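Presented below is the structure to which this report refers.
The values are calculated or read from the model by the stated rules, or taken from the named source; none is laboratory data. Predicted model only: the values in this text are computed from it and were never measured. Glycine also receives a Cβ, built like all others from the backbone with ideal geometry; neighbour counts cover every protein chain displayed. Accessible surface is based on the protein model in full, side chains and every heavy atom, while ligands, DNA and RNA are left aside. Shrake-Rupley method; radii C 1.70, N 1.55, O 1.52, S 1.80 Å.
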Amino acid sequence: VLTDPFNPHHSSGSTADAGRIRHDKWRKLRIDRTASVCLRGKSLLPLAEGPLGPLERTARVAFVPKAAGKRRVICMEPASLQYLQHGVADQVIAFASQRDHPLSKLIDIRSQEHNRELCGRAWSEGLATIDLSDASDSVSWRLVKALTRGLPIGRYLKGTRSEWTLLEGYKVRMDKFAPMGSALCFPIECYVFASIVELARRMQSGSAGASWSNGHAVYGDDIIVPVEEY
């Protein structure tokens, strides 16, 4: 459950409806009924100071440099949703990083160091290194809803999610949970893949507890598991 203080905030990135300038982002802030209901009980100031109004839940496709001759497809989120996403993402990451949380032994959102260390030992210790293609595209909204059913986080993700994207003038409904550009894309992607890694361990060994100490690591689509679980 989200706790007080809930601190939504803007980032330096560009948005679908207000560009990159922070002043313009503040002017575009709105709250719709979905956000109000899904994040009920939380302080949505300054959004809550005004009446419910229209909030266009439409991201906009953009292309950014990835490597020589290649571009990465991302989406720029609406300013209001980006603002709320950062508040939810901060709390989700902090919660999953607590020492007694199982995910804290498998994922470090803030550092790739564990993955680098295990990658260096992969050949000698029988570990498989996995790098997925189009990873965020494979995390569907249907899958995320199934994984979060009955949990408070499910409604927070719904309340801050873009439902459409604008591509070359066409408005397209998104089946995936979130595009690259959403503040929640990377952490939720990590937790979904970590859930699959944990399931693979239970199916292979019959016991829970995937962790760095026994050869498991997840950092986005950079995944390491023992070869027999691959």
- Query: When Asp175 is evaluated against the numbered criteria (1) closer than 22 Å to Glu113 by Cβ; (2) touching a strand residue (DSSP E or B) at 6+ places or on another chain (Cβ under 6 Å), which criterion, by number, is the only one it fails?
  - Reply: (1)
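So that you can scan it fast, the table gives a plain yes or no per residue for (1) hydroxyl-bearing (Ser, Thr, Tyr); (2) at pLDDT 95 or above:
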| site | (1), (2) |
| --- | --- |
| Leu132 | no, no |
| Ser136 | yes, no |
| Leu143 | no, yes |
| Arg149 | no, no |
| Leu157 | no, yes |
| Glu168 | no, no |
| Lys171 | no, no |
| Phe177 | no, yes |
- Scan (1) modelled with pLDDT of 85 or more; (2) among the hydroxyl-bearing types (Ser, Thr, Tyr); (3) open to solvent by 50 Å² or more (accessible area, probe 1.4 Å) for the single condition Thr34 breaks and write down its number. (3)
- Item | Failed item, numbered, when Thr160 is tested on (1) without any contact (Cβ under 8 Å) to a residue 40 or more places away in the chain; (2) crowded, with 17+ Cβ neighbours inside 10 Å; (3) of a type in the set (S, T, N, Q) | (1)
- Message: Exactly one of these conditions fails for Asp100: (1) assigned to a loop (DSSP other than H, G, I, E, B); (2) in contact with a Leu (Cβ under 8 Å, 6 or more places away or on another chain). Give me its number.
- Response: (2)
- Message: Can you find a residue that is within 24 Å of Val218 (Cα to Cα) and not charged (D, E, K, R) anywhere in the stretch 155-173?
- Response: yes
- Query: Residues Leu127, Leu166, Leu157, Leu184: which one is of a type outside the set (D, E, K, R), under 22 Å from Leu55 (Cα atoms) and more than 17 Å from the chain's Cα centre (by Cα)?
  - Reply: Leu166
- Query: Within the stretch 118-149, which residues are more than 26 Å from Asp175 (Cα to Cα), open to solvent by 40 Å² or more (accessible area, probe 1.4 Å) and touching a residue at least 40 places away in the same chain (Cβ under 8 Å)?
  - Reply: Cys119, Glu125, Thr129
- Message: Give all pairs with beta carbons closer than 9 Å in which a residue from the stretch 101-114 that is of a type in the set (Ser, Thr, Tyr) meets a residue that is surrounded by fewer than 14 Cβ atoms within 10 Å (Cβ to Cβ); count only pairs at least 6 apart in sequence or on separate chains.
- Response: Ser104/Gln98
- Task: Just one of (1) under 27 Å from Val64 (Cβ atoms); (2) over 14 Å from the mean Cα position of the chain (by Cα) trips up Asp221, so point out which.
- Result: (2)
- Looking at Val1, Val88, which is the one that is assigned to a helix (DSSP H, G or I) and either at pLDDT 85 or above or open to solvent by 70 Å² or more (accessible area, probe 1.4 Å) (or both)? Val88
- Residues located in the stretch 4-27, provided they are at pLDDT below 90, under 22 Å from Asp90 (Cα atoms) and either in contact with a strand residue (DSSP E or B) (Cβ under 7 Å, 6 or more places away or on another chain) or open to solvent by 80 Å² or more (accessible area, probe 1.4 Å) (or both): Asp4, Pro5, Asn7, Trp26
